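The block underneath contains the structure these notes are about, expressed in structure tokens.
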Amino acid sequence: MTTILSIDPELSALREMVWDLLAQRSPAAHVHRIVDGGTAQDPDLDAALAELGMFGVDVPEDLGGGGGTFTHLRQVAEGCGWAAGTTRILGTAATTGVLAASDSPAARALIGSVADGSVAATVALTGVFGRGGSDGFDAREDGGDIVLDGRASHIIDLPGAAVVVVRATDSAGQSLFAIVPTDVAGSTVARQEVLDLTRSIGRLELSAVRIGADAVIARGDAADAAAEAVAQRMSLLVAADSLGIATRVLELTTAYATQREQFDRAIGSFQAVKHQAADMLVRTEMARALVDEASTAVDESRPDAAQLTSMAKDLACSAATWVAGRGMQLHGGIGYTWEHEMHIYFKRAQLAEQLFGDRRWHRRRITDALRAGRR
């Protein structure tokens, strides 16, 4: 594994355990079989990760989790990117992030089942990343119940989820989060096709869906704070996934460059190839340094966590796209074939740039933070 920066022994042990599992359970041939099936879901891999406690690794122990930190979870996300794993780790992480921030009985009753992997769940987080269009949910009270209407697209890990935590706006203009079973009357889930075949993405439509008032787990300022926290959390996990992509592409490319020969010499001996590989390494390690620093800032609840997260998302995702592009070029024609995993990493990197905020959205947040610091 390519790495320059060292990590502490506990994180190193967790990282090695996750990488070993993913290398065994999610080799390239297996990923191809999954995506050829058209589901982008791998229940066996999810079960293996859940058995190791990775779905709830950063959930407090008294809520049924492993009691670790966000930095532990970020190692898992990087491993999933490294293996192009078709797992629902992102949807689960979004859900545990929202549930852990709430002290409502409904949230406390659900989080343990999500953390141990027995309940598949995700979050419909509309209105956070500046998406336009018709996405959004409205909530109104009716006879002591809450009635939800609206729709949202590109919800990660929605297909197959039993529960979705929906962010809606009530009649007073306040935000709220509510737990909604996906099989409730009036709920429709549809799978969406995207460039990255390793991701399971879906559209949710709610039409006069009625839930109990006790299903609302956050409202008003608490809901806004939870939305901001989960936005940081998911942006940084996607950045870590992209870091894993860049790391794996670099490994594959350097290995290929030492084996593939032209003019009776390994292509890695040519100066032009060496320079490309060096640039790939530099971009990967720059991204690693920023993802590490942002993860620490999130764990320590530092005031610069949001800014660092956006910087990490921007840099890591753009680095992965660049590295994957160079990796395909250095593999020559074989890198473009369906049988080779290089194009899978390239497509995963492309989608990651759009997930949970594109470059424009994150750069605007960085700019706003810098301007606020000068006042």
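The values are calculated or read from the model by the stated rules, or taken from the named source; none is laboratory data. Quick caveat, the model's predicted, so the values are computed rather than measured. Here the Cβ positions follow ideal geometry from the backbone for every residue, glycine too, while neighbour counts run over all protein chains shown. In case anyone asks, the SASA skips ligands and DNA or RNA and just uses the protein heavy atoms, side chains included. Shrake-Rupley method; radii C 1.70, N 1.55, O 1.52, S 1.80 Å.
Evaluated against (1) polar (S, T, N, Q); (2) touching a residue at least 24 places away in the same chain (Cβ under 8 Å); (3) under 22 Å from Glu285 (Cα atoms), Gln41 falls short on exactly one condition, (3). From the list Ser310, Ser242, Ser295, Ser318, the lone residue that is part of a helix (DSSP H, G or I) and in contact with a His (Cβ under 9 Å, 6 or more places away or on another chain) is Ser310.
Scan the helices (runs of 4 or more DSSP H) fully inside the stretch 24-111 and keep the ones with 2 or more residues being open to solvent by less than 30 Å² (accessible area, probe 1.4 Å) and touching an Asp or Glu at 6+ places or on another chain (Cβ under 8 Å).
The qualifying helices (runs of 4 or more DSSP H) are 28-36, 70-82, 89-100.
Ala93 satisfies every condition listed in (1) over 17 Å from the mean Cα position of the chain (by Cα); (2) under 22 Å from Val163 (Cα atoms) except (1).
All conditions in (1) in contact with a Phe, Trp or Tyr (Cβ under 7 Å, 6 or more places away or on another chain); (2) open to solvent by 30 Å² or more (accessible area, probe 1.4 Å) hold for Thr247, with the sole exception of (2).
Quick one: in the stretch 250-266, which of the residues that are of a type in the set (Gly, Ala, Ser) and assigned to a helix (DSSP H, G or I) is most open to solvent (accessible area, probe 1.4 Å)? So that I can check it myself, show each step before the final result.
Residues of the stretch 250-266 that are of a type in the set (Gly, Ala, Ser), as a first pass: 255, 257, 266.
Then drop every residue that is not assigned to a helix (DSSP H, G or I), which leaves 255, 257.
Values: Ala255: 43, Ala257: 11 Å².
For the stretch 250-266, the residue satisfying everything is Ala255.
For Ala297, the conditions (1) open to solvent by 40 Å² or more (accessible area, probe 1.4 Å); (2) touching a Leu at 6+ places or on another chain (Cβ under 8 Å); (3) free of Cβ contacts under 8 Å to residues at least 40 places away in the same chain all hold with the exception of (1).
Out of Ala161, Ala172, Ala168, I need the residue that is assigned to a strand (DSSP E or B) and hydrophobic (A, V, I, L, M, F, W, C). Which one?
Working: Ala161 fails: assigned to a strand (DSSP E or B); Ala172 fails: assigned to a strand (DSSP E or B).
One residue alone meets the criteria, Ala168.
When Arg140 is tested against (1) open to solvent by 30 Å² or more (accessible area, probe 1.4 Å); (2) modelled with pLDDT under 95; (3) over 18 Å from the mean Cα position of the chain (by Cα); (4) not aromatic (Phe, Trp, Tyr), exactly one condition is not met: (2). One residue stands out among those in the stretch 176-219 that are in contact with a Lys or Arg (Cβ under 6 Å, 6 or more places away or on another chain) and small (Gly, Ala, Ser): the one that is most open to solvent (accessible area, probe 1.4 Å), which is Ala190.
Answer with yes or no whether His340 is part of a loop (DSSP other than H, G, I, E, B) and either open to solvent by less than 60 Å² (accessible area, probe 1.4 Å) or in contact with a Leu (Cβ under 9 Å, 6 or more places away or on another chain) (or both). Here the answer is yes, as His340 does meet what is asked.
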